[in-house]
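The values are calculated or read from the model by the stated rules, or taken from the named source; none is laboratory data. Model, not experiment: these values are computed from the prediction. Virtual Cβ from ideal backbone geometry, glycine too; neighbours counted across all protein chains shown. Please note that ligands, DNA and RNA were not included when accessible areas were found on the heavy atoms of the full protein model with its side chains. Shrake-Rupley method; radii C 1.70, N 1.55, O 1.52, S 1.80 Å.
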Amino acid sequence: MLMAELVCSPEGDAQTLHLQARIATLMALSGVFSAGGENLQQTLTTLSEAYAQWLEEKERVLAEEEEILNQLLQAQKGKEKKTLGYEFNRLFVGPQSPTVPPYESVYRHGERLVMQKSTLDVRRWYRSEGLSLAGASKEPDDYIATELEFAAYLLAKALAGFQKNQPGEAELYLKNYNAFYQEHLRIWLPRFVTGLFTQAREPLFHVLGEMILKTVRAVPS
């Protein structure tokens, strides 16, 4: 269900390297949800690698941030793939109503319903960039994987501006990212993570929630 293929140059100064690492982490988080419970082993490995790189590019790494990485790596050990896959489906998919629905509208309109006003607002954001969901996608526009991917897309456009020595374009997309974060991600993701903290039976998903809170944030513009 990817909307765009994001390709980032491995070369650049500290600012662009930090952006690259943040983009990779957002894309890896998106991939955890979009690839499903049956592919957790692969997507969590990608997430661990992206987050480790992001920490390497930070000027100052907090002990709690390093601990999240350690806990993520530890939580993947000793668990059968089926166990984590079952828990993923119980939380986010079904067959019963998901315990922690991964859709923005559920957390913003009080009735646990999808396809509400916030869904249409998110769709307008995508269309403003000429993007739409892939034809095979059955998920609403405000699915967590798609919103995280769009956030990564906006940062990738900012990165491209810096790499092309077009600071005006770069600043525009950094502002767009922050606006999308303030209007959408900042409002509902903490509530989604609270659901993980209270409902998840496997420590892995608590760690995933902590990582979302630490990495999905506004950026300096």
>> Looking for something open to solvent by 80 Å² or more (accessible area, probe 1.4 Å), within 21 Å of HIS109 (Cβ to Cβ) and assigned to a helix (DSSP H, G or I) - is there at least one such residue anywhere in the range 122-129?
In response: yes
> Do we find a residue being in contact with an Asp or Glu (Cβ under 8 Å, 6 or more places away or on another chain), touching a residue at least 40 places away in the same chain (Cβ under 8 Å) and open to solvent by less than 10 Å² (accessible area, probe 1.4 Å) anywhere in the range 154-169?
Replying inline: yes
> Which ones in the range 130-145 are at pLDDT 95 or above and either surrounded by fewer than 17 Cβ atoms within 10 Å (Cβ to Cβ) or among the β-branched types (Val, Ile, Thr) (or both)?
Replying inline: ILE144
